[in-house]
Amino acid sequence: MSVLMWLAGAAAVGAGTIGWMRSEAGGYCVREEEVVSDRIPQSFDGYRILFITDIHRRVLSEQKLTSNLLPVDCVFLGGDITEKGVSFQRMRHNMSVLLRIAPVYAVLGNHDLYAGKDAVRQVLRETGVALLSDKTITLKKNEESITLSGIRQPASKKHPYTQFRGNPKEDSYHIILVHDPIWVKDREETNGDLLLAGHTHGGQIVLPFAGAVRLERFYKKFKSGWYSLPRKVGDSLHTSRMLISRGFGTSHIPLRLKCPAEYHVITLRKKP
């Protein structure tokens, strides 16, 4: 094989790989998840949550987002709703798309702070998105309720998370929305039944054999997918479930490899 033929082949493989990585980054992969617990109220059996995080620079297509989406009861936004350099008009568009699906509850991520915390808060307020910043609210259905807490994102790594853990009743099923899963580090228990997080992008670029090379040590363990954490309720030991999403957008480069963009529909099921 001549050098020119080898170079042409290598260029074709490279172009194909870049095309594949762009496809993974720009896809609309919806993952159906189910959470079963005897702590879920009967009225919330079948309650459906659209969870999407780390949108960053992407523009949401309502048609693509909802094409395979059955009705949901609410939308949870896991932070990095935008990033520095993205127009706030794009953010307004994305929020309006989500609000046409269901009521939206959000926390901020580190990139939202870089983009301008006050401006991001204003867009959320103007569009009708409920921002949960170290705040707990009650979601009600048929005289029964669950609680939702949103954890405030620290300004930087030098600023630790607050000691806020939410303040639900002990018998209330408790969902915690937090951008960065490192919030669980060094905590004896989470005070939540279900934790939803993002930030990691699942590594975004996952190489064969080497894995997600861009992740720091903590995130090698907590990269993406489902995890179990200990939780104490009264004198009883329970297990919290934590979902870390690969996220919908990208960071730094608009490419993904073996780590497609995703969003989730989580259905709550009461354990018989």
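The values are calculated or read from the model by the stated rules, or taken from the named source; none is laboratory data. All values reported here derive from a predicted model rather than from experimental measurement. Note: ideal-geometry Cβ built from the backbone for every residue, glycine included; neighbour counts use all protein chains shown. Accessible surface is based on the protein model in full, side chains and every heavy atom, while ligands, DNA and RNA are left aside. Shrake-Rupley method; radii C 1.70, N 1.55, O 1.52, S 1.80 Å.
Tabulated values for the structure
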quantity	calculated
Test for Leu215: is it farther than 28 Å from Arg121 by Cβ, among the aliphatic types (A, V, I, L, M), modelled with pLDDT of 85 or more and within 18 Å of the chain's Cα centre (by Cα)	yes
Selected residue (criterion: modelled with the lowest pLDDT) from residues of the stretch 138-169 that are of a type in the set (Gly, Ala, Ser) and out of contact with any Gly (no Cβ under 6 Å at 6 or more places or on another chain)	Gly166
Unique residue being open to solvent by less than 70 Å² (accessible area, probe 1.4 Å), in a strand (DSSP E or B), of a type outside the set (Lys, Arg) and farther than 19 Å from Trp20 by Cα when the list is His199, His264, His179	His264
Checklist (1) at pLDDT below 95; (2) open to solvent by less than 30 Å² (accessible area, probe 1.4 Å) applied to Ala102, failing item	(1)
Boolean, Ala115 is closer than 30 Å to Pro154 by Cβ, more than 19 Å from the chain's Cα centre (by Cα), touching a residue at least 24 places away in the same chain (Cβ under 8 Å) and part of a helix (DSSP H, G or I)	no
Residues that are assigned to a strand (DSSP E or B) and either in contact with a Cys (Cβ under 8 Å, 6 or more places away or on another chain) or open to solvent by 70 Å² or more (accessible area, probe 1.4 Å) (or both), drawn from the stretch 26-47	Arg31, Glu32, Glu34, Val36
Output for the stretch 48-71, where each listed residue is part of a loop (DSSP other than H, G, I, E, B) and open to solvent by 20 Å² or more (accessible area, probe 1.4 Å)	Arg57, Arg58, Val59, Ser61, Ser67, Asn68, Leu69, Leu70, Pro71
Single residue of Lys157, Lys223 found to be free of Cβ contacts under 8 Å to residues at least 60 places away in the same chain, part of a loop (DSSP other than H, G, I, E, B), touching a strand residue (DSSP E or B) at 6+ places or on another chain (Cβ under 8 Å) and open to solvent by 10 Å² or more (accessible area, probe 1.4 Å)	Lys223
Which listed residue, of Thr147, Thr138, is within 21 Å of Ile49 (Cα to Cα), of a type outside the set (Asp, Glu) and surrounded by fewer than 16 Cβ atoms within 10 Å (Cβ to Cβ)	Thr138
